[in-house]
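One structure below.
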């Protein structure tokens, strides 16, 4: 059976323009977003960009977007703080011209212990008899795929490709999920409530993404 090496998740709020200068340690604390004692490492607070982190996640705010990224653990509670940060930001800044929301999940998959990476990758994504695949019949060829469909209120985009870990050059298959919600066409007064509801579905979407990973990595008997 394939092994899930790493799971990452992210929340991306896009807007016509954010105001990064709003995000300061004082503002974060006063609005019950992140207490100062939870901030770690280097941080930047400026009119052009705000970048700060806790021990579990990184937050980046630029004029086009706000991005929260974090590692997914087994406990669903790991989603509580990122969801609260995104939800409180939307509620506190209701006049920001929000355009969209991306709920993102990244899985990095190792082959079963008994299989060499290229053979596993070919079995999953390189099977077929098209003329293009015949051009990639060499033993060093690698494969991936792209899939997309509507899923609930989101447009799901799934990109799958082989990657190498920079630390030990280990080869893995990267499943990159983006559940995109377009709110630009929604009445401005309704965007906050819509975004809050969508952010609240993050655990549900992560469970669906993981189910697709299992399906995508399962070898046929």
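The values are calculated or read from the model by the stated rules, or taken from the named source; none is laboratory data. Keep in mind the model is a prediction, meaning the values are calculated, not measured. Counting neighbours? That spans all protein chains shown, and the Cβs are built from the backbone with ideal geometry, glycine included.
Quick look at the numbers
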{"read-out": "Residue within the range 108-126 that is closer than 30 Å to residue 21 by Cβ and loosely packed, with under 14 Cβ neighbours inside 10 Å present", "value": "no"}
{"read-out": "Test: residue 84 is in contact (Cβ under 8 Å) with a residue 24 or more places away in the chain and outside any strand (DSSP E or B)", "value": "yes"}
{"read-out": "Lone unmet requirement of (1) in contact with a helix residue (DSSP H, G or I) (Cβ under 9 Å, 6 or more places away or on another chain); (2) surrounded by fewer than 16 Cβ atoms within 10 Å (Cβ to Cβ) for residue 179", "value": "(2)"}
{"read-out": "Qualifying strands (runs of 3 or more DSSP E) (wholly inside the range 1-70; at least 3 residues being in contact with a helix residue (DSSP H, G or I) (Cβ under 7 Å, 6 or more places away or on another chain))", "value": "3-15, 57-62"}
{"read-out": "Long-range neighbours under 6 Å by Cβ, at least six apart or interchain, first residue free of Cβ contacts under 8 Å to residues at least 40 places away in the same chain within the range 148-165, second assigned to a loop (DSSP other than H, G, I, E, B) and surrounded by 15 or more Cβ atoms within 10 Å (Cβ to Cβ)", "value": "161/144"}
{"read-out": "Cβ pairs under 8 Å, 6+ apart, first in the range 114-127 and touching a residue at least 60 places away in the same chain (Cβ under 8 Å), second surrounded by 12 or more Cβ atoms within 10 Å (Cβ to Cβ) and part of a helix (DSSP H, G or I)", "value": "124/216; 124/217"}
{"read-out": "Enumeration of residues in the range 66-92 that are buried (at least 18 other Cβ atoms within 10 Å of the Cβ) and under 15 Å from residue 19 (Cβ atoms)", "value": "66, 89, 90"}
{"read-out": "Selection count where residues are buried (at least 19 other Cβ atoms within 10 Å of the Cβ) and more than 14 Å from the chain's Cα centre (by Cα), scope the range 182-207", "value": "5"}
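To keep it simple, each residue is scored yes or no on (1) closer than 25 Å to residue 193 by Cα; (2) modelled with pLDDT of 95 or more; (3) in contact with a strand residue (DSSP E or B) (Cβ under 8 Å, 6 or more places away or on another chain).
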position: 66; (1), (2), (3): yes, yes, yes
position: 72; (1), (2), (3): no, no, yes
position: 80; (1), (2), (3): yes, no, no
position: 101; (1), (2), (3): yes, yes, yes
position: 115; (1), (2), (3): no, no, no
position: 123; (1), (2), (3): no, no, no
position: 149; (1), (2), (3): yes, yes, yes
